[in-house]
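Peer 1: The structure follows.
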Amino acid sequence: MLFPSYPGTANISADYCGTGAAVNALLAYTHGLEDCQIEVEIAGGNILLNGVASSERAVGEAVAIATEFARAKVICNLQVRPPEPSI
């Protein structure tokens, strides 16, 4: 049985999905980002960080981690909202 040969678009798509999942996991388990709600998306080869961060420092940390891991352009759409004090 012959299988048609397709360009590597399936592999590229899988790589992007894997990269997004890996960056998401790294951000979820990084000390200091526990109070953040960051969603990672891949669009056009860029990494998009959307959601809420607890401080400017947390935003910088998230961008640094995503950039270092993926070596791709990171577009940061994070909003800074300090965590609410617990009563």
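Peer 1: Name the residue farthest towards the positive end of the dipole of the range 10-80 from the options Leu48, Ala72, Val23, assuming +1 on Cβ of Lys and Arg, -1 on Cβ of Asp and Glu, about the Cα centre.
Peer 2: Selected residue: Ala72.
Peer 1: Mean separation of Cα pairs under 8 Å and 6+ residues apart, divided by the residue count of the range 10-80: what relative contact order is that in percent?
Peer 2: 30 percent
Peer 1: Quick check: pseudo-label points 7 Å beyond the Cα along Cα→Cβ at Ile87 and Phe69, how many nm apart are they?
Peer 2: So the two model labels end up 3.6 nm from each other.
Peer 1: Further question: In 5 Å bins starting at zero, report the fraction of Cα pairs in the range 10-80 per bin as a rounded %.
Peer 2: 3, 19, 33, 25, 13, 5, 2, 0
Peer 1: If you don't mind, another one. Around Asn77, under 14 Å between beta carbons, what's the net of Lys plus Arg minus Asp minus Glu among the other residues?
Peer 2: That works out to 0.
Peer 1: Now for a separate question. Extent of the range 48-87 along each principal axis, from alpha carbon coordinates, in Å, largest to smallest?
Peer 2: In descending order, the Cα extents are 41, 14, 12 Å.
Rule-based calculations on the coordinates, nothing more; no lab input. Remember, it's a predicted structure, so these values are computed and weren't measured experimentally. All Cβ positions, even for glycine, are placed from backbone atoms using ideal geometry, and neighbour counts span all protein chains on display.
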